[in-house]
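Just below is one structure, and these are the notes that go with it.
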Amino acid sequence: MNKCKVLYHKYMIASNKTLIQIDVFFKVFFILLILPWINQGIKMAMHFNGISYITEENLLLFLSSPMAIILIAIFLITMPLFLLYKTITMLHYCRNVNKKLALHRLLFIGLLKTINSLTKRNFMLPLFILLMYIFTNIPLLIGITIFCQNNSPSTGAEDIIFIKGLIILFLLLAGMIAFRGIFTIYFCIHEQHSFFDSLELSKRMLKKRGWKTLRILIIYNLGLNIMFFLIYYFVLLMMALLVYAFTEKSLVISVFLSTYTKMNVLMILIFSIIAFTTNINIISSLFHIYQEEDFKDLLIEDQVRTHPKISSIHKKHRGIVMACILFVLVTGVSNFYITVKNDALYINEALSGITITAHRGNSHVAPENTLPALENAIIARSDYVEIDIQQTKDGTLILMHDFNLKRTTGINKRTWEVNLDEIRHLDAGSWFGLEFTNTPIPTLEEAIQLCKGRIKMNLEIKIHGYEKNLEENLVALIHQYELKNQCIISSMNYETLRKIKQLDQDIKTGLVITAFYGNFYDKDDFDFLSVRSIYLNKQIVEGIHKLGKEVHAWTVNSETEIERMKSIGVDCIITDHPTLTMEIVYRNDTNHTFIQLLNRMLYDRNFYKLSLPKKIRYVNQAP
């Protein structure tokens with residue numbers, strides 16, 4: 001134990017706690033400042049190319065567009081500089097570990113040193129830092145590559161193995177190149193050598209020490225990965241038990257699945273921080289030891305005043321630098337706030353898999369198009385809730401599927417024949433079950449107030465021919481509640497969608513169709529097609545995707561049909577059974593051991609089987 005402790009302190013000269021604080025700061029900096037600008041760039045590039053969605057089929061075309069090329073170029077310049085700044089800040093701390101520098105002081109000196117390194121025309125240094133970043137995270141990156149599931153319906157198992165093999169080969173080659181120049185940045189920053197001279201000095205220092213250095217790094221990283229593995233599965237187990245203990249049994253699987261993905265992202269983020277900071281600490285310690293062995297003067301005071309150029313920048317331009325930092329912070333945080341507030345993160349949209357829409361709310365457990373159905377859709381962790389919108393005699397927008405009120409309220413009147421006052425006194429719940437007696441028909445505004453910020457909405461407009469300014473009223477309501485990026489509008493009526501686009505081009509619209517013949521889906525007034533699932537196949541889905549439009553399939557309730565929709569690559573599944581659909585869609589992306597554990601704990605899972613209770617008068621109609 002004492003020997004391990006001695007080895008730990010020998011190869012970990014700096015405090016990992018401080019290094020982690022630095023890394024966390026830069027991660028937050030990236031999320032608040034850089035990510036929103038990338039998001040805006042993707043939005044501009046999509047708009048420039050006239051596409052509403054980035055799909056697998058149109059991705060190459062999107063990336064080859066001039067706007068996307070400019071965006072990629074800016075990203076490839078910005079990210080290496082960002083990583084260089086972070087790494088130099090950490091190296092400065094490792095070199096001055098005994099001085100107890102404050103975090104803001106470290107960040108400022110790191111910025112000045114980054115500027116200084118670039119003024120010496122070390123333009124290869126930022127690119128080399130990318131290789132170093134890969135090298136310090138190789139175990140994690142290889143693990144992600146191996147265990148990452150294939151969500152692409154067009155890629156076979158053999159192709160996936162080949163692609164994963166290529167990725168792993170690339171990571172290993174990048175790691176080998178980085179290892180040869182593992183101390184390059186130290187010579188560049190600490191001793192003010194040029195990049196290529198530093199690379200040669202690094203190779204010279206590594207000579208006859210290569211296997212020793214590699215062995216030390218492998219031992220430490222092996223220990224890290226064992227720790228990661230144990231912590232990861234312990235957290236998974238705790239999460240499964242907590243979900244089981246504190247969640248309604250009918251929602252255990254869906255809550256676990258929705259939490260699982262977020263937990264994976266968080267764990268990868270945490271592990272990457274620990275892996276990078278630990279490896280930087282080890283490499284800095286080895287550099288210190290090897291320099292002492294080579295009788296180098298490592299302990300020269302590394303203060304800002306020893307570098308004239310840095311000192312002059314510090315004195316003359318400190319105000320300018322601080323003003324620039326403040327400006328970037330304010331604009332970045334504002335941009336981030338607006339993006340999150342409006343739920344307009346295009347990066348997430350571009351990378352997301354199949355979304356699940358609860359049809360007319362969670363209509364399997366509550367009466368359709370009512371607030372209880374919407375609440376149950378939210379509880380079931382659905383991505384969207386689909387509701388039907390009609391206009392009453394006095395112009396109010398309400399939730400109702402049928403033109404006649406009789407099926408759900410027992411009153412033989414049409415929606416355009418009644419005012420809101422009459423609607424208020426109708427019972428839209430007792431047909432479903434006595435526990436829902438006197439459940440009212442909600443207005444669209446009431447539905448929005450319930451759903452805003454909790455679930456996205458698919459507002460399907462039902463046109464009966466007696467509407468007055470329906471589109472204008474709907475768009476005004478969307479603007480009033482700032483719902484533009486939290487809802488989509490669909491309809492079987494193309495003219496309605498065209499009017500919506502005229503009123504606000506940024507609102508996403510979809511054409512609902514029961515069947516079709518020919519290629520008519522290249523029009524600009526809708527962004528996605530909502531198609532009855534039995535008419536969809538892989539060729540149709542790919543053809544729609546090539547035009548930058550999404551495919552929503554309705555109403556998908558059987559397990560075999562859900563699997564088929566998943567296999568042909570639809571973007572959204574509209575279903576009466578969101579919990580079951582979620583389990584089928586994400587079963588390959590989730591740790592199967594814990595799903596089996598939860599299944600065994602839930603002996604009776606008939607609560608979301610497909611056989612509907614007799615009390616539910618289910619009619620297989622258009623969505």
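The values are calculated or read from the model by the stated rules, or taken from the named source; none is laboratory data. None of these values were measured; they are calculated from a predicted model. Glycine also receives a Cβ, built like all others from the backbone with ideal geometry; neighbour counts cover every protein chain displayed. Side chains included, ligands, DNA and RNA excluded: accessible areas come from the protein's heavy atoms. Shrake-Rupley method; radii C 1.70, N 1.55, O 1.52, S 1.80 Å.
Sub-7 Å Cβ pairs linking a first residue in the range 20-38 that is part of a helix (DSSP H, G or I) to a second residue that is among the small types (Gly, Ala, Ser), at least 6 apart or interchain, are 32/332; 33/332; 36/332, ordered by first then second residue.
Of all residues in the range 192-239 being closer than 16 Å to residue 135 by Cα, open to solvent by less than 40 Å² (accessible area, probe 1.4 Å) and within 32 Å of the chain's Cα centre (by Cα), which is modelled with the highest pLDDT? The qualifying residue modelled with the highest pLDDT is 217. Condition test on residue 41, is it touching a helix residue (DSSP H, G or I) at 6+ places or on another chain (Cβ under 6 Å) and within 30 Å of residue 543 (Cβ to Cβ)? So residue 41 passes the test. Scanning the range 466-511 for residues that are touching a residue at least 40 places away in the same chain (Cβ under 8 Å) and outside any helix (DSSP H, G or I) yields 466, 467, 468, 469, 482, 488, 490, 492, 508, 510.
Counting only helices (runs of 4 or more DSSP H) that fall entirely inside the range 45-141 and contain at least 2 residues that are aliphatic (A, V, I, L, M) and open to solvent by less than 60 Å² (accessible area, probe 1.4 Å), the qualifying elements are 66-95, 103-119, 124-136.
Scanning the range 425-455 for residues that are open to solvent by 50 Å² or more (accessible area, probe 1.4 Å), at pLDDT below 95 and either charged (D, E, K, R) or under 19 Å from residue 380 (Cβ atoms) (or both) yields a total of 4. Per the conditions (1) closer than 26 Å to residue 393 by Cα; (2) within 28 Å of the chain's Cα centre (by Cα); (3) of a type in the set (Lys, Arg), the sole criterion not satisfied by residue 484 is (1). Within the bounds of the range 514-526, is there any residue that is in contact with a Gly (Cβ under 8 Å, 6 or more places away or on another chain), modelled with pLDDT of 85 or more and not hydroxyl-bearing (Ser, Thr, Tyr)? Among the residues of the range 514-526, at least one is in contact with a Gly (Cβ under 8 Å, 6 or more places away or on another chain), modelled with pLDDT of 85 or more and not hydroxyl-bearing (Ser, Thr, Tyr), which makes the answer yes. Residue 492 meets each of the listed conditions (1) open to solvent by 10 Å² or more (accessible area, probe 1.4 Å); (2) out of contact with any strand residue (DSSP E or B) (no Cβ under 6 Å at 6 or more places or on another chain); (3) not basic (Lys, Arg) apart from (2).
I need the full set of residues from the range 374-414 which are under 18 Å from residue 489 (Cα atoms), touching a residue at least 60 places away in the same chain (Cβ under 8 Å), in a loop (DSSP other than H, G, I, E, B) and touching a helix residue (DSSP H, G or I) at 6+ places or on another chain (Cβ under 6 Å), in order please. Within the range 374-414, 382, 400 meet the criteria. Taking first residues from the range 152-164 that are on the phi < 0 side of the Ramachandran plot and partners that are open to solvent by 80 Å² or more (accessible area, probe 1.4 Å) and at pLDDT below 80, the Cβ contacts under 8 Å between residues at least 6 apart in sequence or on separate chains come to 152/56; 154/56; 164/146. In the set (1) modelled with pLDDT under 95; (2) more than 16 Å from residue 555 (Cβ to Cβ); (3) more than 19 Å from the chain's Cα centre (by Cα), residue 342 fails one condition alone, (3).
Within the range 561-579, none of the residues are modelled with pLDDT under 90, polar (S, T, N, Q), surrounded by fewer than 20 Cβ atoms within 10 Å (Cβ to Cβ) and within 30 Å of residue 435 (Cα to Cα).
Exactly one residue out of 541, 556 is among the β-branched types (Val, Ile, Thr), touching a Pro at 6+ places or on another chain (Cβ under 9 Å) and crowded, with 22+ Cβ neighbours inside 10 Å, and it is 541.
Number of residues in the range 456-490 that are of a type in the set (Ser, Thr, Tyr), within 26 Å of residue 514 (Cα to Cα) and modelled with pLDDT under 95: the value is 1.
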